[in-house]
1. Please state the equivalent ellipsoid semi-axes for the stretch 137-195: what are the square roots of 5 times the Cα gyration tensor eigenvalues, largest first, in whole Å?
2. Taking the Cα atoms only, what angle lies between the long axis of helix 278-291 and the longest principal axis of the chain, rounded to 10 degrees?
3. Need the C-alpha centroid separation for the stretch 132-191 versus the stretch 249-293, integer Å.
4. Given charges of +1 on the Cβ of Lys and Arg and -1 on the Cβ of Asp and Glu, with all other atoms neutral, how large is the dipole of the stretch 213-271 about its Cα centre, in debye to the nearest 20?
5. Counting only heavy atoms of protein chains, what accessible area per residue, in Å², does the stretch 214-313 have with a probe of 1.4 Å?
6. What is the percent of Cα-Cα separations in the stretch 23-81 that go past 16 Å?
7. Keeping every protein chain present and rolling a 1.4 Å probe, give me the accessible area per residue for the stretch 72-119 in Å².
8. Run the Debye formula on the Cα coordinates of the stretch 49-186, all scatterers equal and no solvent, and tell me log10 I(q)/I(0) at q = 0.09, 0.12, 0.15 1/Å.
Amino acid sequence: MAEDMRTLAMGIDLGGSKILTAIVDPQGRMLASDESVTPAAKEREAIIQSIVDSAHRVLEQAALAISEVCAIGIGAAGISNPEAGVLFSSPNLPGLRNVLLRDIMQEKLGKKTFLINDADAAALGEFCFGAAKGVGDFIYITLSTGIGGGIIIDGKIYTGAIGAAGEIGHMTIDDNGPVCNCGNRGCWETLASGTALTREARKRIEKGTRTHILEYSQGDIEEVTPEVIHSAAQQGDSLAKELIARTGYYVGVGLANLINIFNPDLIVIGGGLSNIGDMLLKPAFKVAGERAFKEAFQAVRFVSAGLGRNSGVLGAAAFALQGMRKLVSK
Ligand SMILES: [Zn+2]
């Protein structure tokens, strides 16, 4: 146990809706975890304070002092440069712009801290402890409110020139498509995410298309979510089925692009929207098979994320442990 104590890390998954913090051992076991709501619309100070509070709660829960943790890893939503420890911008956290998040947390918590993109953290989590254990070339995709991704090449996260690589949700699929949070048009996530599915459903309901979808949301159009649409589809609602298949179609178009560019061994698919399962993924894989190079498509395997919603927090902790090892070996 004493040996283990020195190698415990704290992982923090800072997302647009929640902050998930955990104490993690080198085998990827969570000794304690804490979840809270991100004050996403608030100023920078309030968001930072929420992260600090969450860190203190998880330490208390694990009955540990910060001195018993070897490092902290923060996986933050948005464009960041892990080398410089700076978060440039985060579409869902407008209060955090050009913030030296790594150094701020390091100072506030008094512990060596590492910063990584949240989807890269999730990819690393799956690589170290989950569905991609030991796979050198793979892509992690999270189908959620938006679409995030992490690219692992030769066992390392591919971060690009300034750390901004892997923003697969923002590849252009339709140059005249819907406007994206990033300012561009027709990004993959404007067509194949949970937000896209919900938007199309609301649009069609408002147009008067015959459907039972509203019966699953207490008649409230604002309460129409991917889960609601899925429930209606399971009961045979034809509009719900059509909309999920359409979203799956666009998931497949993006997959074909990724397969042709990266020729990965494996594509790990996570995120809440992927819980819809076959109804979404079957059309996705069909379209990917039709559009990608045959040989590359035949070589790729698709698997579900193995760590569920914990992939990011576990990956952030793994990133901190890796960072410490690198420092020691220098
Ligand atoms: Zn975009």
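1. Listed largest to smallest, the semi-axes of the stretch 137-195 are 23, 12, 8 Å.
2. Around 80 degrees separate the two axes.
3. Using only Cα atoms, the two centres lie 13 Å from each other.
4. So the dipole magnitude of the stretch 213-271 works out to roughly 340 debye.
5. 49 Å²
6. 51 percent
7. Roughly 38 Å² per residue, with all protein chains present.
8. Those come out to -0.31, -0.55, -0.83, one per q.
The values are calculated or read from the model by the stated rules, or taken from the named source; none is laboratory data. Quantities reported herein were computed from a predicted structural model and do not represent experimental measurements. Glycine gets a Cβ as well: all are built from the backbone with ideal geometry, and neighbour counts include every protein chain shown. Surface areas here come from the heavy atoms of the whole protein model, side chains and all, with no ligands, DNA or RNA. Shrake-Rupley method; radii C 1.70, N 1.55, O 1.52, S 1.80 Å.
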